[in-house]
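Please read the structure below before turning to the comments.
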Amino acid sequence: MRLKIPITIKFEPSNNCIVDLFEKLLTRMGPLGQHAKAAEGYYMFPKLEGEISSKMIFRGKERLVWSLNNYLGLANHPEVREADAAATADFGMAYPMGARMMSGNSNYHEQLEKELASFIQKPKVLLVNYGYQGMVSAIDALVDRHDVIVYDAESHACIVDGVRLHAGKRFMFKHNDVESCEKQLQRAQRLLDEGGNRGSILVITEGVFGMTGAQGRIKEIVDLKSKYNFRLLVDDAHGFGAMGKTGAGACEAQGCMDGVDIYFSTFAKSMASIGAFFGTTPEIADFLKYNMRSQIFAKSLPMPIVVGALKRLELLRTKPELREKLWTIVNALQGGLKERGFDLGKTTSPVTPVMMHGSLGEATALVVDLRENYNIFCSVVVYPVVPKGVILLRLIPTAAHTLEDVEVTLNAFSEVAAKLKEGKYATNEVVAMS
Ligand SMILES: Cc1ncc(COP(=O)(O)O)c(C=O)c1O
């Protein structure tokens with residue numbers, strides 16, 4: 001019998017032969033992938049283990065965690081855990097099978113839609129699998145090549161990618177700048193007038209921007225409707241559950257839900273799960289239902305997710321004390337940081353960005369010190385997401401934190417900020433942790 005010896009052919013690029021795809025990809029790992037060697041497992045793809053709470057295990061040691069969007073602390077709430085477990089025992093993870101349009105619909109999916117609609121006070125809600133793919137695909141369904149999209153410059157990737165699919169014009173306005181938004185609306189209007197008005201305008205922004213915590217200026221954008229003809233889509237991933245009198249989000253907080261034509265949120269934050277939804281008119285909800293390719297051609301949410309979402313929504317609605325606790329922690333953390341002279345940018349939401357200044361090397365040395373010596377785990381954001389030289393530490397307070405957690409963190413932040421100022425983290429290298 002002859003042994004089969006695998007043959008590897010060494011690729012020699014030359015002018016007259018195409019480049020092997022894999023070889024090409026591996027020469028440019030991308031903006032994040034290029035740091036994989038130094039960052040994997042520590043700055044990127046870290047593993048937080050144990051029950052979801054303010055204290056979790058990272059690299060074998062307990063750390064105080066400020067990086068989970070578990071705003072209301074529902075992830076490990078006993079009633080949620082019980083509902084998730086019971087629904088999994090009752091239905092398993094498979095049911096219902098298939099896309100909702102074909103064979104994957106259920107009374108529970110429809111009940112969840114009705115309850116969400118009544119909670120956010122929109123006539124109808126359409127449940128979707130995931131926020132990211134839902135948003136991409138809703139934008140794709142809503143506009144055609146004659147239409148113009150006007151959107152915020154710092155929109156989440158799901159909006160940016162939805163806009164990328166758009167075959168017509170797109171005009172970006174300066175981040176959270178209503179004047180710039182109006183200018184882009186005027187441009188859009190002119191373009192449509194010149195083309196014989198075959199198209200329409202869709203404006204997209206966010207309720208709360210997840211990096212900075214600033215609220216989108218939704219009310220002011222809604223006011224522009226008195227001058228321009230457009231429809232408004234708002235991604236309120238970080239506002240839903242955390243903002244507003246009843247927790248219905250940033251549009252409720254700004255008193256402008258009626259002017260928002262399509263309200264979107266995900267279950268990935270306050271609801272501590274997966275799945276997402278759009279709230280709008282019955283007609284547009286039906287339009288989306290029959291036209292969103294990500295839903296028509298993908299499996300519907302499994303029953304434990306849907307039943308679990310019903311329980312989470314019930315708690316979100318009936319336990320305002322969870323939101324009150326969240327805001328007690330937010331106010332103590334943000335108030336304490338401001339008192340100590342930290343720059344929190346423009347946040348008006350639980351998202352707490354702490355801005356410092358230093359090189360990429362210094363950012364990593366500071367984070368290592370925070371994690372290894374102070375046992376505090378938070379996310380760090382550097383250039384190109386923020387301007388060169390800015391170190392953004394992002395803290396997400398939740399109802400699962402305590403005032404003691406806040407005190408410990410304030411003291412640690414004062415100490416690391418002083419060390420940064422004294423040059424104790426000075427290095428030009430990314431500090432690699434093996
Ligand atoms: C603003 C915003 N929109 C959409 C999403 C995507 O939601 P999902 O995680 O459900 O895909 C996220 C992140 O979760 C987000 O922060």
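The values are calculated or read from the model by the stated rules, or taken from the named source; none is laboratory data. Here the structure is a predicted model, which means the values were calculated and not measured. Neighbour counts run over all protein chains shown; Cβ positions are idealised from the backbone, glycine included. The area values use the complete protein model at the heavy-atom level, side chains included, leaving out ligands, DNA and RNA. Shrake-Rupley method; radii C 1.70, N 1.55, O 1.52, S 1.80 Å.
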*Could you tell me which of rounded, prolate or oblate describes the chain, using a ≥ b ≥ c as the square roots of the eigenvalues of the alpha-carbon gyration tensor, with rounded for a/c under 1.5 and, failing that, prolate when a/b is larger than b/c and oblate otherwise?*
rounded
*Measure out, as a whole number of angstrom, how far apart the alpha-carbon centroids of region 194-241 and region 347-411 sit.*
29
*Note down the nm distance, to one decimal, between modelled labels 7 Å out along Cα→Cβ at I18 and at K421.*
5.9
*Pull out a ≥ b ≥ c, the square roots of the eigenvalues of the alpha-carbon gyration tensor of region 242-366, then state rounded if a/c is under 1.5, prolate if not and a/b is larger than b/c, and oblate in the remaining case.*
prolate
*Carbon-plus-sulfur fraction of the accessible area of region 308-359, 1.4 Å probe, in percent?*
52
*Give me the Debye-computed log₁₀ of I(q)/I(0) at q = 0.10, 0.11, 0.19 Å⁻¹ for region 294-434, equal point scatterers on Cα only, no solvent, two decimals.*
-0.46, -0.54, -1.06
_Furthest towards positive pole of dipole, V367, H175, L165, structure part the chain, Cβ charges_ = L165
*Rounded to the nearest 0.05, what FRET efficiency is calculated for E194 and Y383 with R0 set to 30 Å and r the Cβ-Cβ distance?*
0.15
*asked:* Counting only helical runs of four or more DSSP H residues, what would the 222 nm mean residue ellipticity of the chain come to if each run contributes -39,500 (n - 2.57) and the total is spread over all its residues?
replied: -12000 deg cm²/dmol
*Quote to one decimal, in nm, the extra length available between N76 and E407 on full extension: 0.36 nm per residue of separation minus the C-alpha distance between them.*
116.9 nm
*Please list the non-local residues whose amide H lies under 5 Å from the amide H of T348, H modeled 1.01 Å from N, same-chain partners needing a gap of 5 or more.*
A214, Q215
_Can you give me the long-range amide H partners of M172? Hydrogens built in the peptide plane at 1.01 Å from N, cutoff under 5 Å, separation of 5 or more residues or another chain._
Y151
_Just to be sure I understand: of the beta bridges DSSP finds with both ends in the chain, what percent are antiparallel, rounded to 5?_
55
*asked:* Of G241, G41, V80, which is farthest towards the positive pole of the chain's charge dipole, taken about the Cα centre with +1 and -1 on the beta-carbons of Lys, Arg and Asp, Glu respectively?
replied: G41
*Quick one: of K225/K245; K319/K388; K61/K346; K227/K311; K219/K269; K124/K225, which pairs are farther than 31 Å apart, Cα to Cα?*
K319/K388; K61/K346; K227/K311
*If each of K245 and N291 carries a label point 7 Å out from its Cα toward its Cβ, how far apart are those two points in nm?*
3.5
*Counting only residues 5 or more places away or on other chains, whose amide H sits under 5 Å from the amide H of G241 once H atoms are built in the peptide plane?*
A248, G249
*Value of relative contact order over the chain, rounded to a whole percent, pairs C-alpha under 8 Å and six or more apart*: 20
